[in-house]
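Notes follow once the structure below has been shown.
The values are calculated or read from the model by the stated rules, or taken from the named source; none is laboratory data. Not measured: the values here are computed from a predicted model. Every residue, glycine as well, gets a Cβ built from its backbone with ideal geometry; the counts of neighbours run over all protein chains shown. Note: accessible area is taken over every heavy atom of the protein model, side chains too, but ligands, DNA and RNA are not part of it. Shrake-Rupley method; radii C 1.70, N 1.55, O 1.52, S 1.80 Å.
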Amino acid sequence: MNPDAAPATLVIGATGTTGSRVAARLSAAGHRVRAASRTARAVPGAEAVRFDWEDTTSHGPALTGVDRVYLVPPVGHPEPAGPMLPFLERARDAGVGRAVLLSSSAIPLGGPATGLVHQALPDLFDAWAVLRPSWFMQNVTGAHVHAQSIRGAGVIRTATGDGRVGFVDAEDIAAVAVHALTDERSPDTDLVITGPRALSYDEVAAAVGRGTGRPVVHERLGHEAMRDRIAASGVPVPFAELLAGLDRAIAEGAEDRVTDTVLRVTGRPPGDFDTFVGRELRPLTDRAVAQGR
């Protein structure tokens, strides 16, 4: 078969944290990829296509020649099932046979937000998976609010108290996603994905400090203070309440767990937080020192 005629995988959010990694891994393995984003930004090894959850005119063209899809929900949308379910019905009717949804360890089947999409997948597709990763290690890098406060003030602010989280590297999430998309037998279940150890934010701050050589502290906020701080950044109050509620759930132990998902699905253990910090943050520190900062 001509490779150009082979069915493609549509990767939604292909310029984002997990989508970019999924697209890169699929392309490196020789799979045809349609890299979907609102700007149709070029992605190495993939065909860039425009896709906007809120613009249904972009949905049909994005699905051309596609037989499977990696789903990243609309960012910040309080009710993602609204735009997602009609698209998924359209995808099924267009010949898509496998769907892999990025959800969260905090959102169960039938729960709010992506929990409703999770609930719908088995009735829409014969082959499917729901990825439920814990909090990303990448939250201490890039544009995330924690990364900004670390760089700006040497502080991580949460309402998690002593609660612990099984932080996971986005590289490991992407590796699981690629298996879920391409293995002969699909998971047909949800997969809770964590790193190898649950950490408190005190431990996260200490690890970032060790890795960068700059002190970082964890500032503990109350639930209301956290909600107000999030809302002050421009997030709608109901969504700020939801996000602050996730911190409270962590404080109560909801995310204090580790799973064997990465090892079981990929055949290798997940990366640990110290290794991540050395890979992602130490090079930034070394460049800053070299530049005399």
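Once the 1.4 Å probe is applied to the protein heavy atoms, region 71-204 comes out at 37 Å² accessible per residue. Distance between the 7 Å Cα→Cβ label points at ALA28 and LEU109: 3.3 nm. The charge dipole of region 61-150, taken about the Cα centre with unit charges on the Cβ atoms of Lys, Arg (+1) and Asp, Glu (-1), comes to about 180 debye, rounded to the nearest 20. What the Cβ-Cβ distance of THR189 and ARG151 gives, at R0 = 41 Å and to the nearest 0.05, is a FRET efficiency of 0.60. Against the chain, whose longest principal axis is taken from its Cα atoms, helix 170-182 shows a tilt of about 20°.
Between the Cα long axis of helix 19-28 and the first principal axis of the chain there is an angle of about 60°, rounded to the nearest 10. Semi-axes of the equivalent ellipsoid of region 1-100 are 20, 16, 11 Å, computed as sqrt(5λ) over the eigenvalues of the C-alpha gyration tensor in descending order. Between 0 and 90 degrees, the angle of helix 114-124 with respect to the longest Cα principal axis of the chain falls at about 20 degrees.
With all protein chains present, how much of the accessible area of region 144-293 (probe radius 1.4 Å) comes from carbon and sulfur, to the nearest whole percent?
Carbon plus sulfur share of accessible area: 52 percent.
Averaging Cα coordinates gives a centre for region 1-68 and one for region 179-210; these two points are 24 Å apart.
Report note on the peptides 176-185, 203-212: ranked by the mean count of other C-beta atoms within 10 Å, highest first, their order is 203-212, 176-185.
Computed over the chain, the per-residue total of -39500 (n - 2.57) for DSSP H runs of n ≥ 4 gives a 222 nm mean residue ellipticity of -12000 deg cm²/dmol, rounded to 500.
Considering only alpha-carbon pairs that sit under 8 angstrom and 6 or more positions apart, the relative contact order computed for region 155-235 is 49 percent. Computed over region 146-293, the P(r) curve from all C-alpha pair distances, binned at 10 Å from the origin, holds 11, 31, 33, 21, 4, 0 percent per bin. Entry note, the chain: relative contact order of 16 percent, from Cα contacts under 8 Å with a spacing of 6+ residues.
Let me know the charge dipole size of the chain about its Cα centre in debye, to the nearest 20, where only the beta-carbon of Lys, Arg (+1) and Asp, Glu (-1) is charged.
Using Cβ point charges on Lys, Arg, Asp and Glu, the chain gives about 900 debye.
Here the average projected area of the convex hull drawn through the C-alpha atoms of region 74-132 stands at 3.6 nm².
Could you pull out which residues in region 25-57 have an amide N less than 13 Å from a spot 7 Å beyond the Cα of SER233, following the Cα-Cβ vector? Label zone hits: none. Take the Cβ atoms of ASP162 and HIS77, set R0 to 41 Å, and the FRET efficiency comes out at 0.85.
Based on Cα atoms of the chain, Rg over Rh with Rh as the Kirkwood radius reads 0.97.
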